[in-house]
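Asks: Mind looking over this structure? Questions follow.
The values are calculated or read from the model by the stated rules, or taken from the named source; none is laboratory data. This is a predicted model, so every value here is computed, not measured. Note: ideal-geometry Cβ built from the backbone for every residue, glycine included; neighbour counts use all protein chains shown. Quick note on the areas: whole protein, heavy atoms, side chains included, nothing else; ligands and nucleic acids left out. Shrake-Rupley method; radii C 1.70, N 1.55, O 1.52, S 1.80 Å.
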Amino acid sequence: MKKRGLAHRVQQLKEAAFIRAFCKVATIYHAARIAKIDRRRHYEWLERDEEYAKVFAEAKEIALDVLERDNFEQLKGKRVG
């Protein structure tokens, strides 16, 4: 029982690390590298864990906001005309 509990906790920590990284970098490949997991693991979690899928959907919204902000900042620095 303890092993299963420990394994579950380790998975939760890896999931959280991936989600945090994804919110910052907005790509599965780079988030997986930062979280030190194989990117295929993320897809397994999506398939098997409804709660993880919900959290990831929220993370995609955050990542999109980050990309929009970064894009806006880049465009602000470039004056056209």
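Asks: Taking the range 3-19 as the search range and keeping residues that are of a type in the set (A, V, I, L, M, F, W, C) and within 17 Å of the chain's Cα centre (by Cα), which one is most open to solvent (accessible area, probe 1.4 Å)?
Replies: Checked the range 3-19; the qualifying residue most open to solvent (accessible area, probe 1.4 Å) is 13.
Asks: Would you be able to tell me the number of residues in the range 20-40 that are of a type outside the set (Val, Ile, Thr) and either closer than 14 Å to residue 67 by Cβ or surrounded by 17 or more Cβ atoms within 10 Å (Cβ to Cβ) (or both)?
Replies: 9
Asks: Before we move on, is residue 67 open to solvent by 40 Å² or more (accessible area, probe 1.4 Å), assigned to a helix (DSSP H, G or I) and in contact (Cβ under 8 Å) with a residue 40 or more places away in the chain?
Replies: Values: open to solvent by 40 Å² or more (accessible area, probe 1.4 Å): yes; assigned to a helix (DSSP H, G or I): yes; in contact (Cβ under 8 Å) with a residue 40 or more places away in the chain: yes.
Against the criterion (open to solvent by 40 Å² or more (accessible area, probe 1.4 Å), assigned to a helix (DSSP H, G or I) and in contact (Cβ under 8 Å) with a residue 40 or more places away in the chain), residue 67 qualifies.
Asks: Restricting to the range 1-49, what's the tally of residues that are in a loop (DSSP other than H, G, I, E, B) and either polar (S, T, N, Q) or touching a residue at least 60 places away in the same chain (Cβ under 8 Å) (or both)?
Replies: 1
Asks: Can you name the condition, by its number, that residue 81 falls short on among (1) at negative phi; (2) modelled with pLDDT under 95; (3) open to solvent by 50 Å² or more (accessible area, probe 1.4 Å)?
Replies: (1)
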